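Presented below is the structure to which this report refers.
All of the numbers you see were taken from the coordinates with simple rules; none came from a lab. In this text, all values refer to a predicted model and were calculated from it rather than measured experimentally. Quick reminder, even Gly has a Cβ in these numbers, built from the backbone with ideal geometry, and neighbours come from all protein chains shown.
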Amino acid sequence: MVSMRMSDSEWQVRQDLAACYRLFVHFGWTDLIFTHLSARVPGYDDHYLINPYGLLFQEITASNLIKVDFEGQVISGDFPYNKAGHSIHSAVLKARPDVNVVLHSHTRAGITVSAMKQGILPISQHANEILGLICYHDYDVATDNAEECRRLGEDMSDKWLMIMRNHGLLSTGRTVAEAFYFLYMLEIACKVQVDIMASGAETVEPDQAVIDRLSADGLPSPDGPDDAVTRSWKAVVRMLDSKDITYRN
């Protein structure tokens, strides 16, 4: 019934975004009711979908996502939104008309690396694949802070991943699948880095030529998400569907 009141493309994006919320639960990336994932509404440059503030991510479904415009007006939905979430997501989507999805996390490993002065280190394959996609943003309170939003969009520039200092991680993508893939790679890179540094072992870095080559290979194709992104997304969605398909409702 709900899907009949919107375009097929919007309903598909809603299902993909709801799947991403459930994947955050599966991978342990949640933070109670906090953090937020958004997707631009197909056909509306200034409308986006985001989670109802107050629901756990395991409660998110395609139909209960709320639709908000860049001015903060709720277009459809029965819940409020997180004000800091609106500030962050609208700022990035305004600054980057070429991306449609923004994912924000407060994971333990992500926050830990965000508080390290050196940021992400080129000490794993995961890190080196996305090294050229990462930018950094100094911490400030996002809620109702126009200057913070301006800096956020400016710092993102042409990058696809952001390490928000003392805060967490943020990823973007042209599709939910692409944003999820980039965030997954960054999260694993952060976990590996934290584990290695906690062990006290001396790190080994690949030759710079190898780092540069892998980083170049990880740059997004202008033609759209690559095959690894698509195959990975289909695999994790199959995993979700084998466990619980209620996110699709």
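In this structure, the amide hydrogen of Gly168, modeled 1.01 Å from its nitrogen in the peptide plane, lies closer than 5 angstrom to no residue at least 5 positions away or on a different chain. Which cross-chain or sequence-distant (5 or more) residues have an amide H under 5 Å from the amide H of Tyr136, H modelled 1.01 Å from N in plane? Residues meeting the criterion, in which the H sits 1.01 Å from N, are Ile163.
By its C-alpha gyration tensor, with a ≥ b ≥ c as the square roots of the eigenvalues, how is the range 81-131 shaped: rounded for a/c under 1.5, else prolate for a/b larger than b/c, else oblate? Note, shape of the range 81-131 comes out oblate. Between the Cα long axis of helix 8-27 and the first principal axis of the chain there is an angle of about 50°, rounded to the nearest 10. Among Thr203, Thr61, Thr107, the residue with the largest mean-square fluctuation in a Gaussian network model of the chain, with springs joining Cα atoms closer than 10 Å, is Thr203. Relative to the longest principal axis of the C-alpha atoms of the chain, give the angle of the C-alpha long axis of helix 176-199, reported between 0 and 90° and rounded to the nearest 10°. Between the helix axis and the principal axis of the chain, the angle is about 40 degrees. Kirkwood analysis of the range 111-217, using all unique Cα-Cα pairs, places the hydrodynamic radius at 14.6 Å.
Sorting 12-20, 204-212, 62-70 by average packing, meaning the other beta carbons within 10 Å per residue, from highest down gives 12-20, 62-70, 204-212. Within the range 42-150, the GluC sites (Glu not before Pro) that combine a DSSP coil assignment with at most 13 other C-beta atoms in a 10 angstrom radius are Glu71.
Report summary: the helix-based calculation at 222 nm, which adds -39500 (n - 2.57) for every DSSP H run with n ≥ 4 and divides by the residues of the chain, gives -14000 deg cm²/dmol. What is the Cα centroid distance between the range 32-57 and the range 186-241, reported in whole angstrom? One Cα centre to the other: 25 Å. Sites listed here are GluC sites (Glu not before Pro) in the range 150-232 whose DSSP assignment is loop and whose Cβ has at most 11 other Cβ atoms within 10 Å: Glu202. Give me the angle, in degrees from 0 to 90, between the Cα long axis of helix 208-217 and the longest principal axis of the Cα atoms of the chain, rounded to the nearest 10. The two axes meet at around 20 degrees.
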